[in-house]
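Below is one structure, written out as structure tokens; the observations come after it.
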Amino acid sequence: MFLKRIEMQGFKSFADKTVIQFDHDITGIVGPNGCGKSNINDAIRWVLGEQSTKSLRSGSSMSDIIFAGSQERKPVNLAKVTLVFDNTAHVFDSPFEEIEITRQLSRANNEAGYFINKTPCRLKDISDLVMDTGLGKDSLNIITQGNISSFADAKPEERRLLFEEAAGVAKYKKRKQISLHKLDRTKENLDRVQDIIDEIE
Ligand code: ATP
């Protein structure tokens, strides 16, 4: 599974439709400061479900990621980004050989839309699809400029969390936490049922 293509329109500095094609080798993106290199990385994380505008290096409202205009261009009303993955190895749990994940946001009504292979879906469907592939928005597939120094400065316990994420242990820890929480709630419910039974008897 690899990212074949990214299509952006109206996202941050990409007012016009911009398509970046990746191949199996290394792709380097070069350009002057402020030309939008890091915005590509933000676009990928946005589609994968990033909800923190701070992490996206944007203003306080999610609509700030929509192209806000420049000296030559008027603002646009819609941001749309699509990631196209090769799925011939079926790493994604889907029969399709190509998976397109799209997120869009309209300025008019702040309405968000998520799509898998052009079919509308929920953000949860995207999270579920990418969860077991190591592609989640918090995964280590994307190492940003600040990450390197924070890895180097991290305390041993924090560094251990990073190793757990890289080794794929973190997701099981998360699932364990959810299951333990459910068990606690079930135990509370059983206690309440027992109280009611005691009252009736
Ligand atoms: P550097 O090499 O300095 O790290 P970069 O190439 O990574 O720069 P980015 O940080 O990706 O550049 O892009 C910054 C540019 O994106 C700025 O010019 C900023 O004005 C523009 N930008 C960000 N959000 C928007 C938006 N909503 N509308 C229009 N332009 C935007």
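The values are calculated or read from the model by the stated rules, or taken from the named source; none is laboratory data. Nothing here was measured: the structure is a model prediction, and the numbers come from that model. So basically every Cβ, Gly included, is an ideal-geometry build from the backbone, and we count neighbours across all protein chains shown.
The set of residues in the stretch 149-195 that are among the hydrophobic types (A, V, I, L, M, F, W, C), over 24 Å from Thr133 (Cβ atoms) and under 25 Å from the mean Cα position of the chain (by Cα) comprises Ala152, Ala154.
Residues considered: Ser94, Ser38. Of these, the only one that is part of a helix (DSSP H, G or I) and of a type in the set (Ser, Thr, Tyr) is Ser38. Within the stretch 65-91, take every residue that is surrounded by 16 or more Cβ atoms within 10 Å (Cβ to Cβ) and over 30 Å from Asp23 (Cα atoms) and give me the one that is farthest from the ligand (Cβ to nearest atom). The qualifying residue farthest from the ligand (Cβ to nearest atom) is Val76.
Would you mind stating whether Ser60 is more than 7 Å from the ligand (Cβ to nearest atom) and either out of contact with any Pro (no Cβ under 9 Å at 6 or more places or on another chain) or of a type in the set (Gly, Ala, Ser) (or both)? In short, yes. Checked against (1) modelled with pLDDT of 95 or more; (2) surrounded by fewer than 18 Cβ atoms within 10 Å (Cβ to Cβ); (3) outside any loop (DSSP other than H, G, I, E, B); (4) within 9 Å of the ligand (Cβ to nearest atom), Pro32 passes all but condition (3).
Among the residues of the stretch 28-41, is there at least one that is touching a strand residue (DSSP E or B) at 6+ places or on another chain (Cβ under 6 Å) and in the same structural domain as Met131 (by TED's automatic domain parsing)?
Kept after step one, since they are touching a strand residue (DSSP E or B) at 6+ places or on another chain (Cβ under 6 Å), are these residues of the stretch 28-41: none.
No, there is no match, as no residue in the stretch 28-41 is touching a strand residue (DSSP E or B) at 6+ places or on another chain (Cβ under 6 Å) and in the same structural domain as Met131 (by TED's automatic domain parsing).
Could you identify the single residue in Asp64, Asp23 that is farther than 23 Å from Val130 by Cα, among the acidic types (Asp, Glu) and free of Cβ contacts under 8 Å to residues at least 60 places away in the same chain?
Details: Asp23 fails: farther than 23 Å from Val130 by Cα.
On inspection, the qualifying residue turns out to be Asp64.
In the stretch 160-178, the condition of being exposed (fewer than 13 other Cβ atoms within 10 Å of the Cβ), among the acidic types (Asp, Glu) and assigned to a helix (DSSP H, G or I) is met by no residue.
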